[in-house]
Amino acid sequence: YVAAVYEHESILSPSPAALVERRSALELMGRNLDVYEQQVLAAARQGAQIIVFPEDGIHGFNFTRSSIYPYLDFFPHSHSGKWNPCREPYLFNDTEVIQRLSCMALKNKIFLVANLGTKQPCERTDPRCPSDGRHQFNTNVAFAADGTLLATYRKHNLYFEYAFDTPPEPDYAFFDTPFAGKFGMFTCFDILFFEPAVNLIRQYNLKQIVYPTAWMNQLPLLSAVEFQQAFATAFNVNILAANIHHPTLGMTGSGIYTPVKSFIYHNMESYGGKLIVAEIPVISTDYRTNLEKKTPGRISEKGREQSPPSFYAEMMYDNFTFVPVWGEKGELQVCANTLCCYLNYQRAVLTDELYALGVFDGLHTVHGTYYVQACALVKCGGLSFSTCGQEVTDATALMDFQLWGNMSTPYIFPLLLTSGITLDFADHMGWKNNHYFLTKNRTSSGLLTAALYGRWYEKD
């Protein structure tokens with residue numbers, strides 16, 4: 001099928017904390033929706049059957065709970081039955097944004113997914129009802145090609161979004177399409193957690209995911225395109241990921257991903273939006289996921305030679321234990337807690353770049369709390385040990401390597417990032433003898449990061 005995602009540079013409110021009238025909120029959102037309208041038309045002309053827009057794309061961000069209120073559409077979450085907002089605009093008040101999105105889908109005969117803010121009044125007798133008498137949600141909506149509202153999803157894992165509430169229970173949101181079956185839906189930070197993302201995919205055996213996001217890149221392990229690709233690979237799904245484009249805030253990185261190929265956009269240099277359109281295969285549901293895939297691969301006997309000295313350095317706000325990757329070839333191991341990571345490597349040419357093999361097995365506590373088990377081969381920022389873990393975007397070293405670790409969780413995201421924030425794919429990966437491994441013969445360009453990023457959800 002043909003899919004489209006649009007990385008949108010939002011027109012932002014100059015003062016998001018200021019209180020404004022609904023009318024001026026609609027005027028600002030209307031300017032973003034005008035851009036959406038052009039992009040839906042462009043995507044439809046290229047044959048796209050579905051288009052996805054980013055999180056916060058219509059209203060922007062940095063609001064307070066009260067300042068976002070005029071930007072929120074009313075949403076009848078309890079409303080049963082079909083609603084076509086474009087054809088039935090009179091059913092509910094304060095649904096101007098939903099109506100426009102519905103009309104875009106209808107006019108261009110395309111499935112459309114977008115993110116907006118919604119409000120729902122609640123009874124003050126309800127203990128969960130906020131003191132202002134309403135719930136405010138970060139919401140995705142999906143429309144069919146005739147404008148009918150098919151599914152909604154309220155973001156569960158909020159990322160310091162004080163304007164919004166967490167829904168009482170996780171929404172498991174998906175919708176059906178004639179061209180690729182069911183699509184699941186979640187938002188941004190959700191991708192790092194079991195609920196609802198992983199549970200949704202497993203319970204409903206989903207193979208296509210739509211993913212609006214407003215992601216701030218964090219190298220070396222959590223760049224948007226890097227993690228989106230790893231997620232598609234780990235769960236054997238297609239992901240249509242639309243990020244926002246604000247390079248000054250570190251926000252870029254969208255794509256259409258299959259487990260073996262990706263069409264990505266990562267651009268920290270220039271401004272303006274970007275439409276990606278790609279044709280991708282529908283994944284059949286009988287294909288086993290990577291969580292169980294067994295691939296042949298040799299895991300050699302562990303570190304026969306003496307490992308070089310280990311050292312500590314901070315990476316991604318976590319205290320990693322590293323060993324330097326010296327010389328043109330070798331075998332290394334490094335351990336922390338219960339996790340040991342192993343590396344066999346051979347460099348094509350010895351360059352004057354320092355690489356290190358790092359391990360972390362613990363609770364990550366900055367910008368969110370979640371348990372990580374990671375084995376990571378990274379290029380350091382400079383030649384001293386203290387630069388290992390820094391954000392690096394360019395590298396020249398080409399390497400053959402096999403990386404493996406005795407991970408305690410089945411949820412391993414294989415990361416492979418090369419110079420200029422481009423993606424590469426492993427030759428083989430999977431489980432063998434209770435170790436997860438990833439092998440690569442000769443990266444396509446200089447290696448930035450090769451990592452096994454494990455999420456041990458039970459220990460969050």
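Screening Ala180 on (1) open to solvent by less than 30 Å² (accessible area, probe 1.4 Å); (2) under 22 Å from Cys86 (Cα atoms) shows it passes everything except condition (2). Restricted to the range 233-284, the set of strands (runs of 3 or more DSSP E) holding at least 3 residues that are in the same structural domain as Gln49 (by the TED database), out of contact with any Gly (no Cβ under 6 Å at 6 or more places or on another chain) and closer than 19 Å to Phe174 by Cβ comprises 238-242.
Per the listing Arg65, Arg100, Arg87, the residue uniquely in contact (Cβ under 8 Å) with a residue 24 or more places away in the chain, basic (Lys, Arg) and not in a loop (DSSP other than H, G, I, E, B) is Arg100. When the range 132-172 is filtered for residues that are over 15 Å from Tyr71 (Cβ atoms), buried (at least 23 other Cβ atoms within 10 Å of the Cβ) and of a type in the set (Ser, Thr, Tyr), only Tyr153 remains.
Using the structure shown, decide if Glu226 is acidic (Asp, Glu) and under 20 Å from Tyr6 (Cα atoms). Taking the combined requirement at face value, the residue satisfies it.
Do we find that Tyr370 is of a type in the set (Ser, Thr, Tyr), more than 22 Å from the chain's Cα centre (by Cα) and in the same structural domain as Thr439 (by the TED database) in this structure? No, not satisfied. Selection of the range 422-452 for residues being open to solvent by less than 10 Å² (accessible area, probe 1.4 Å) and either at pLDDT 95 or above or in contact with a Gly (Cβ under 6 Å, 6 or more places away or on another chain) (or both) yields Gly430, Tyr436, Phe437, Leu438, Gly446, Leu447, Leu448, Thr449, Ala450, Ala451, Leu452.
In the range 162-189, which residue that is assigned to a strand (DSSP E or B) and either of a type outside the set (Phe, Trp, Tyr) or modelled with pLDDT under 95 (or both) is nearest to Cys129 (Cα to Cα)? If we take residues in the range 162-189 being assigned to a strand (DSSP E or B) and either of a type outside the set (Phe, Trp, Tyr) or modelled with pLDDT under 95 (or both), then Ala173 is nearest to Cys129 (Cα to Cα).
The set of residues in the range 235-267 that are of a type in the set (Gly, Ala, Ser) and more than 17 Å from Asp424 (Cα to Cα) comprises Ala241, Ala242, Gly250.
Checked against the criterion of being out of contact with any Pro (no Cβ under 9 Å at 6 or more places or on another chain), among the small types (Gly, Ala, Ser), assigned to a loop (DSSP other than H, G, I, E, B) and open to solvent by less than 50 Å² (accessible area, probe 1.4 Å), the range 31-47 contains one or more residues that satisfy it. Scanning the range 307-322 for residues that are assigned to a strand (DSSP E or B) and open to solvent by less than 80 Å² (accessible area, probe 1.4 Å) returns Phe311, Ala313, Met315, Asp318, Phe320, Thr321, Phe322.
Restricting the first member to the range 430-441 and to residues that are at positive phi, and the second to residues that are at pLDDT 95 or above and crowded, with 22+ Cβ neighbours inside 10 Å, the beta-carbon pairs closer than 9 Å and six or more apart or on different chains are Gly430/Tyr436; Gly430/Phe437; Gly430/Leu438; Asn434/Met407. With respect to Gly389, is the statement that it is open to solvent by 30 Å² or more (accessible area, probe 1.4 Å) and either farther than 21 Å from Thr338 by Cα or acidic (Asp, Glu) (or both) true? For Gly389, the condition - open to solvent by 30 Å² or more (accessible area, probe 1.4 Å) and either farther than 21 Å from Thr338 by Cα or acidic (Asp, Glu) (or both) - is not met.
Condition first: out of contact with any Pro (no Cβ under 8 Å at 6 or more places or on another chain) and open to solvent by 50 Å² or more (accessible area, probe 1.4 Å). Can you find one or more residues in the range 50-57 that meet it? No, the range 50-57 contains no residue that is out of contact with any Pro (no Cβ under 8 Å at 6 or more places or on another chain) and open to solvent by 50 Å² or more (accessible area, probe 1.4 Å).
Looking for something exposed (fewer than 15 other Cβ atoms within 10 Å of the Cβ), in a strand (DSSP E or B) and free of Cβ contacts under 8 Å to residues at least 24 places away in the same chain - is there at least one such residue anywhere in the range 325-335? It would help to see each step written out before you state the result.
Step one: filter the range 325-335 for residues exposed (fewer than 15 other Cβ atoms within 10 Å of the Cβ), giving 326-329.
Restricting the remaining residues to those that are in a strand (DSSP E or B) gives 329.
Filter once more, keeping what is free of Cβ contacts under 8 Å to residues at least 24 places away in the same chain: 329.
Yes.
None of Arg124, Arg128 is touching a residue at least 40 places away in the same chain (Cβ under 8 Å), assigned to a loop (DSSP other than H, G, I, E, B) and among the basic types (Lys, Arg) except Arg128.
The condition (being over 25 Å from Ser384 (Cβ atoms), buried (at least 18 other Cβ atoms within 10 Å of the Cβ) and at pLDDT below 95) is satisfied by just one residue among Ile276, Ile264, Ile283, Ile299: Ile283. Please work out if His135 is touching an Asp or Glu at 6+ places or on another chain (Cβ under 7 Å) and part of a loop (DSSP other than H, G, I, E, B). Considered against the rule, which asks whether it is touching an Asp or Glu at 6+ places or on another chain (Cβ under 7 Å) and part of a loop (DSSP other than H, G, I, E, B), His135 comes out as no.
Does Phe413 satisfy the condition of being open to solvent by less than 10 Å² (accessible area, probe 1.4 Å), farther than 19 Å from Thr321 by Cα and touching a helix residue (DSSP H, G or I) at 6+ places or on another chain (Cβ under 8 Å)? Answer is yes for this residue.
The values are calculated or read from the model by the stated rules, or taken from the named source; none is laboratory data. Bear in mind that the values here come from a model prediction, so they are computed numbers and not experimental data. Methodologically, a virtual Cβ is constructed for each residue, glycine included, from the backbone with ideal geometry; neighbour enumeration extends over all protein chains shown. Side chains included, ligands, DNA and RNA excluded: accessible areas come from the protein's heavy atoms. Shrake-Rupley method; radii C 1.70, N 1.55, O 1.52, S 1.80 Å.
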